[in-house]
Amino acid sequence: MIDLAEDSRSHPLLRLGAQPIALTAAALLLLIAGVTSIAIWRAYTGAAPEPDRVVASRQLQARTAQASEQLVEKTKGLEATQQESIDQLQVVQDQLQTMRRLMAAQQADTKRLSEQVTTLNESIDNLRQSFASARTSEAETPSVTRRKPARHHASARKRGKSRS
């Protein structure tokens with residue numbers, strides 16, 4: 001079997017466990033020394049973390065509220081700007097539709113006028129052709145020389161005789 005005496009020599013923690021009152025007293029003294037040093041440090045610096053934390057949390061809440069208000073104001077500003085942009089876009093779209101209607105009407109007028117000009121050109125060409133054909137037909141028919149009426153010649157003779 002294994003001897004317990006040898007075990008206690010090899011593990012120093014087991015030896016301390018044999019005197020639990022001394023160990024507890026030492027831990028208690030360390031704990032009291034730590035708490036005392038913290039209390040002295042707080043008293044010396046004059047800073048208590050709890051009020052600082054409360055002040056810091058209130059400042060953080062105030063900043064958060066201020067940031068929220070700014071976000072709300074900016075959001076309202078963006079909404080107003082967006083609505084203005086939508087209104088301007090609607091006006092531009094209405095103007096565009098009006099321009100399209102005017103352009104379509106102008107194109108229809110241009111087409112109508114173009115057709116009228118084409119019709120006039122065709123009429124002018126037809127008149128030129130008929131005028132040219134009329135001239136050609138006059139040139140083809142022999143021209144008849146007109147004779148002066150007989151009485152005109154007779155009166156001219158009488159005048160000539162009376163003068164001599």
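The values are calculated or read from the model by the stated rules, or taken from the named source; none is laboratory data. Note that the coordinates shown come from a computational prediction; the quantities given were computed from them, not determined experimentally. The accessibility values were calculated without ligands, DNA or RNA, using every heavy atom of the protein model including side chains. Shrake-Rupley method; radii C 1.70, N 1.55, O 1.52, S 1.80 Å.
Answer yes or no as to whether residue 2 is at pLDDT 80 or above and among the β-branched types (Val, Ile, Thr). In short, no.
Results for (1) over 52 Å from the mean Cα position of the chain (by Cα); (2) at pLDDT 90 or above; (3) open to solvent by less than 90 Å² (accessible area, probe 1.4 Å), shown as yes or no for each residue.
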| site | (1), (2), (3) |
| --- | --- |
| 40 | yes, no, no |
| 46 | yes, no, yes |
| 65 | no, yes, yes |
| 73 | no, yes, no |
| 87 | no, yes, yes |
| 97 | no, yes, no |
